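Enquirer: My questions will all concern the structure given below.
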């Protein structure tokens, strides 16, 4: 059974959706705001996506599958973390969704992550995503 907790974070970025989209789908830019992570994918629906790097001195290789790509609107993928301590099996994958909504040249980004085990894990994920989106905003607006 899927866990019922959901983390949601929203931020407004002073840039058009096309520029934000480029930042969330370009490995060179992702590396600048996602803790130095190296991302690999073919960037098509159904293709795998991997995230590799080092966090607090420990190497990781996280992965998922791209579920939905609607340019300048939606990027959705499954996600499993090698650091989670959970077995690599379907019920342990989260779904992470970036939704972009451009209004008057600014873009509201709403990020959601599902399948979170409990309230404590939800708070941890929420704080982590706040950090990521604030760094994304900084990269895009510079």
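Enquirer: So if I take the centroid of the Cα atoms in segment 61-101 and the same for segment 16-30, what is the distance between those two points in Å?
Expert: Their Cα centres are 17 Å away from one another.
Enquirer: How large is the convex hull of the Cα atoms of the chain per residue, expressed in Å³ as a whole number?
Expert: Details: hull volume 15.0 nm³, N = 142.
Cα-based convex hull of the chain, divided per residue, equals 105 Å³.
Enquirer: Tell me, in nm to one decimal, what length is gained between residue 44 and residue 142 on full extension, where the rule is 0.36 nm per residue of separation less the Cα-Cα distance? Provide the component values of the computation, followed by the final result.
Expert: Numbers: separation 98, 0.36 × 98 = 35.28 nm, distance 2.80 nm.
Extending this stretch completely gives an extra 32.5 nm.
Enquirer: Then there is this: Which length gain, in nm to one decimal place, applies between residue 68 and residue 6 when the Cα-Cα distance is subtracted from 0.36 nm times their residue separation?
Expert: So the extension gain works out to 20.4 nm.
Enquirer: What is the extension gain from residue 14 to residue 88, computed as 0.36 nm multiplied by their sequence separation minus the C-alpha to C-alpha distance, in nm to one decimal?
Expert: Numbers: separation 74, 0.36 × 74 = 26.64 nm, distance 3.78 nm.
Using 0.36 nm per residue and subtracting the Cα-Cα distance, I get 22.9 nm.
Enquirer: Can you compute the helix-only [θ] at 222 nm over the chain? Use -39500 (n - 2.57) per DSSP H run of at least 4 residues, normalise by all residues, nearest 500 deg cm²/dmol. Intermediate results must be reported in sequence, preceding the final value.
Expert: Values: 3 runs with 39 residues, N = 142.
When only DSSP H runs of four or more count, the value is -8500 deg cm²/dmol.
Only the coordinates and a few stated rules stand behind these numbers; no lab work does. Predicted, not measured: the structure shown is a model, and the values here were computed from it.
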